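Any read-out appearing in this document is the output of simple, stated calculations on the displayed coordinates, not a laboratory observation. Since the model is a prediction, treat every value here as computed from it, not as a measurement. Cβ coordinates were reconstructed from backbone atoms using ideal geometry, including for glycine residues, and neighbour counts include every protein chain displayed.
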Amino acid sequence: MGRQRLEKTACLTALQRCCRIAFSGHYSFDERFMSIRPVHVICLLLIFSPLAVLWYVTSVKSEATVINFWNGNKTPGRQAYERDVLDAVLLATRKGYGNVPVVEDRRDLPVASDETAIFRKGGADIFGTVAGNPKLANEDKLLIPFPMMKGLLGYRLLIIRAEDQEKYAAIQGIEGLRALTNGVPDGWAEVDLFRANGIPVEADLRFDNLFQKLGDRQFDYTTFGGNEIEQVFSEHVASRPDLALEQTLLLYYPFPLVFYVTPSDPILAQRIRQGMAIISRNGVLDGIFEQHFGETVRRLNLAERRKLVLDNPLLPKELKSFQPDLP
């Protein structure tokens, strides 16, 4: 401790001497320069270097004049939700980063390789998708490890043939599903997830022919997240008396929805991380979720359904311990 006090005293003395030399009118420039010793320079660097780093970190801003937000390949309800979350994030961080406008692109990209290259070739700065999306496995990207939808996308309800209600009501565990085939459109992340859990998958499908193929018995059921099941059912299934929403089961797997940011803009990634932390902490994200999905969750009676749990081997290490904030 005595040695530390001596070193601190010597450093302060050197700093005082350096300042007297620098600002005193009794020394010529040459005298001032020759009077500064290495210890004076070292002390100044030790004092002012952290201040310079702090100034850089807090003042640097992205040079981007717009934020290109790709918001395609999802239901309109999810598009609106993700846009509201992004707007809340940017509002929460506007003071530190400025008011950068968002250019939203809702084009669907049905070819999987186009979504894979959304940062390299598609011009996107940010988009929302499931954590660990296998399309991005070999792509450079910046993960924002803050789930934005409480895990609701992983609460899966089944659409089945109406005549099969009793068969599904009798299923007590995952083994029952392993005797049936799940229909999943080609390119969806769920294909690899279900197969990893030993569940047969028919993936030679598109969304626009999914329900026709289900009615034609090419597979046994398909699943959608709690955030989208009602909209999908009303728009694509309700007019078909041969199909129905299964009434008893809830298939669950950890499937957090997150933002990914282009690797070319780490400042934007920093901003989104900070903003997600803020709105997760201050209740704004909860409010957005309630506005969009609160009534839906209550109508679906998720807690009353028999829950069958699957593993998700696709989760990145940052979210391996993810737990949903729902029943």
Problem set entry | Square roots of 5 times each gyration tensor eigenvalue, C-alpha, the stretch 110-196, largest first, Å | 32, 15, 12
Seminar exercise, completed: Cα-based Rg and Dmax for the stretch 163-316, in Å, come out at 18.0, 54
Exercise. In the structure shown, do any of 150/317; 74/150; 121/213; 135/320; 95/135; 167/317 have a Cα-Cα gap over 26 Å, and if so which?
Worked result: 121/213; 95/135; 167/317
Exercise. If you rank 233, 119 by fewest surrounding Cβ atoms within 10 Å, what's the result?
Worked result: 233, 119
Exercise. Which FRET efficiency value, to the nearest 0.05, is calculated for residue 286 and residue 104 with the Förster distance at 22 angstrom and r the Cβ-Cβ distance?
Worked result: 0.40
Problem set entry | Distance in nm between pseudo-label sites at residue 231 and residue 95 (7 Å out along the Cβ direction from Cα) | 3.3
Seminar exercise, completed: Between residue 167 and residue 206, the two model label points (7 Å from Cα along the beta-carbon direction) sit apart by a distance in nm of 2.7
Seminar exercise, completed: Simple spin-label estimate for residue 121/residue 295, 7 Å along Cα→Cβ, in nm, reads 4.3
For this session: Run the dipole for the stretch 152-252 about the Cα centre, Lys and Arg Cβ at +1, Asp and Glu Cβ at -1, nothing else charged, and hand back the magnitude in debye, nearest 20.
Result: 140
Seminar exercise, completed: Cβ-Cβ cut-off under 9 Å around residue 253, Lys and Arg +1, Asp and Glu -1: the net charge is -1
Exercise. What is the packing order of peptides 237-243, 225-231, taking the mean over residues of other C-beta atoms within 10 Å and listing the highest first?
Worked result: 225-231, 237-243
